[in-house]
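I have placed the structure first, in the form of structure tokens, so that the comments after it can refer back to it.
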Amino acid sequence: MYDEQQQPEHGPLAGFTVGVTAARRADELGALLQRRGAAVLHAPALRIVPLSDDSELLAATKEIIQRTPDVVVATTAIGFRGWIEAADGWGLGEDLLARLREVELLARGPKVKGAVRAAGLTEHWSPSSESMAEVLDRLLEEGVEGRRIAVQLHGEPLPGFVEALREGGGEVLGVPVYRWLPPEDIGPVDRLLDATVSRGLDALTFTSAPAAASLLSRAEERGLLAEVLAALNHDVLPACVGPVTALPLQARGIDTVQPVRFRLGPLVQLLCQELPGRARSLPIAGHQVEIRGHAVLVDGALRPVPPAGMSLLRALSRRPGWVVPRADLLRALPGAGRDEHAVETAMARLRTALGAPKLIQTVVKRGYRLALDPAADTKYADV
């Protein structure tokens, strides 16, 4: 029988596969996920133009030096640091710092505040919420009519933020501290999209809005957009580091999960709660069985299962305790053709992988069923 006090040796994400679209800090995010047991599929959905090579940033920097704005809004720590470093490389570093000392400098959150102070500057104000909405509220309350406001961009215009300032009468200068382009090697992105459509992923993570937009754009180019959206709406959990990152997905009608704090650590912690909570758990033949993405927990012990076996197990679990005909199980097998012998072969391997053959009963001349415990029959009869 299942011992509820048994302590699992695996991590909370064991048995789940998580896709990572990040170009920057992907190794860090991947390590955090793997440390908690997840299998990780990484495909950078974009690449970053080096700051020192970006003519748009150079032009914005020169304009700020020549015409000092009233307000500068710093939005990301890495972007602000990179901007100062790029200006140094162009021989404009001291001139830029001198102008930034003259302006009302707003820093979105503690990390940005740290970057500002590391440059020898002092912010005039920083919101406790790390929210751009709070920054916008402050500026509009102060009044932006006739004021010149420079805004550090996230690689693409901040939706609604710049428009609201312009509607209030402000003159807005975008500072594109990094610019995104499609990845040079599109192969990994295509494999990630294929895994999403085939439900080979349990979750897909996004740490920037441009990455989300780029992935959807590539799906559209391949004619897979409808299938990708269907997967993200039902089976593959889309997890975003924050609300700005989620905007391209929300524009397509995709609901996402986001941590309260917009950091990689809380994003991983959120997945540690969400994915196990979405797993199917059933009392079968005196055992507690939890069906995860590419593995099964049997009484808390992790049992990796081949893809064909997982397809069969999911088909059986949709009607636990009910007989599923061989023909239906054959249709559930990827690429199995018409030979029902493939079901028998995959079922034998599934039973071996589970380590408890009595979990699945053979019903002669009819098919197979999960040996659902009698006490659970009523609860799961109409599932």
(message) If you count only protein heavy atoms with a 1.4 Å probe, what accessible area per residue comes out for the chain, rounded to a whole Å²?
(response) 47 Å²
(message) Taking the Cα of R261, stepping 7 Å toward and past its beta carbon, and measuring to each backbone N in segment 124-145: which are under 18 Å?
(response) 127-132
(request) Please determine, in degrees from 0 to 90 and to the nearest 10, the orientation of helix 55-66 with respect to the longest principal axis defined by the Cα atoms of the chain, where the helix direction is its Cα long axis. (result) 30 degrees
(message) If I compute P(r) over Cα pairs in 20 Å bins from 0, in percent from the structure I just sent, which labelled value in (1) 28, 60, 12, 0; (2) 25, 45, 22, 9, 0; (3) 26, 55, 18, 1 lines up?
(response) (2)
(request) Can you pull the one-decimal nm distance between simple spin-label points at A285 and K62, each 7 Å off the Cα toward Cβ? (result) 7.5 nm
(message) For the chain, take the longest principal axis of its alpha carbons; what is the angle in degrees between that and the long axis of helix 209-221, to the nearest 10 within 0 to 90?
(response) 60 degrees
(message) Tell me the relative contact order for segment 218-332 as a rounded percent, counting alpha carbon contacts under 8 Å between residues six or more apart.
(response) 11 percent
(message) Relative contact order for the chain: what percent, with Cα pairs under 8 Å and sequence separation of 6 or more?
(response) 16 percent
(request) Report ³J(HN,Hα) in whole Hz for each residue of segment 134-139, in order, from the Karplus equation J = 6.51 cos²θ - 1.76 cosθ + 1.60 where θ = phi - 60°; Gly and Pro get x. (result) 5, 4, 4, 4, 4, 4
(request) Set the Förster radius R0 to 35 Å, insert the Cβ-Cβ distance between Q34 and E85 as r into 1/(1 + (r/R0)^6), and round the FRET efficiency to 0.05. (result) 0.65
(request) Mind running the shape call on segment 21-81? Use the C-alpha gyration tensor, a ≥ b ≥ c as the square roots of the eigenvalues: rounded below 1.5 for a/c, prolate if a/b tops b/c, oblate otherwise. (result) prolate
(message) Quick check: at a probe of 1.4 Å, how many percent of the accessible area of the chain sits on carbon and sulfur atoms?
(response) 49 percent
(message) Positive end of the dipole of the chain, charges at C-beta (+1 Lys, Arg; -1 Asp, Glu), about the Cα centre: which of A346, V40, V73 has its Cα farthest in that direction?
(response) A346
(request) For segment 33-76 and segment 263-317, compute the distance between their C-alpha centroids and round to whole Å. (result) 38 Å
(request) Please express the shape of segment 231-383 as an equivalent ellipsoid: the semi-axes are the square roots of 5 times the eigenvalues of the C-alpha gyration tensor, given largest first in whole angstrom. (result) 33, 18, 14
(request) Calculate how steeply helix 264-278 sits against the longest principal axis of the alpha-carbon atoms of the chain, using the helix alpha-carbon long axis, and give the answer as 0 to 90 degrees to the nearest 10. (result) 30 degrees
(message) What do you get for GluC sites (Glu not before Pro) in segment 133-218 restricted to DSSP loop and a cutoff of at most 16 other Cβ within 10 Å of the site's Cβ?
(response) E145, E184
(message) I'd like the distance separating the alpha-carbon centroids of segment 237-256 and segment 119-138, in whole Å.
(response) 24 Å
(message) Placing +1 on the Cβ of each Lys and Arg and -1 on the Cβ of each Asp and Glu in segment 81-159, which of L140, W90, A119 has its Cα farthest towards the positive end of the resulting dipole?
(response) A119
(message) From the protein chains alone at 1.4 Å, what is the descending order of accessible area for H234, H294, largest first?
(response) H234, H294
(request) Quickly work out the V323-to-S198 label distance, labels modelled 7 Å from Cα along the C-beta direction, and quote it in nm with one decimal. (result) 3.3 nm
(request) Please state the charge dipole magnitude for the chain, taken about the Cα centre, from unit charges on C-beta atoms (+1 on K and R, -1 on D and E), reported in debye and rounded to the nearest 20. (result) 1580 debye
(message) Along the charge dipole of the chain, pointing to its positive end and built from +1/-1 on Cβ of Lys, Arg, Asp and Glu, which listed residue (V289, V197, G168) has its Cα farthest out?
(response) V289
(message) Quick check on segment 284-329: take the gyration tensor over C-alpha atoms, sort the square-rooted eigenvalues as a ≥ b ≥ c, and tell me if it's rounded (a/c under 1.5), prolate or oblate.
(response) oblate
(request) Return the percentage of antiparallel bridges among DSSP beta bridges fully within the chain, rounded to the nearest 5 %. (result) 45 percent
(message) Using Cα-Cα distances under 8 Å and only pairs 6 or more residues apart, what relative contact order does segment 153-277 have, in percent?
(response) 21 percent
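The values are calculated or read from the model by the stated rules, or taken from the named source; none is laboratory data. Just so it is clear, the model here is predicted, and its values are computed rather than measured. FYI the Cβ positions are ideal-geometry reconstructions off the backbone, even for glycines, and counts take in every protein chain you see. Side chains included, ligands, DNA and RNA excluded: accessible areas come from the protein's heavy atoms. Shrake-Rupley method; radii C 1.70, N 1.55, O 1.52, S 1.80 Å.
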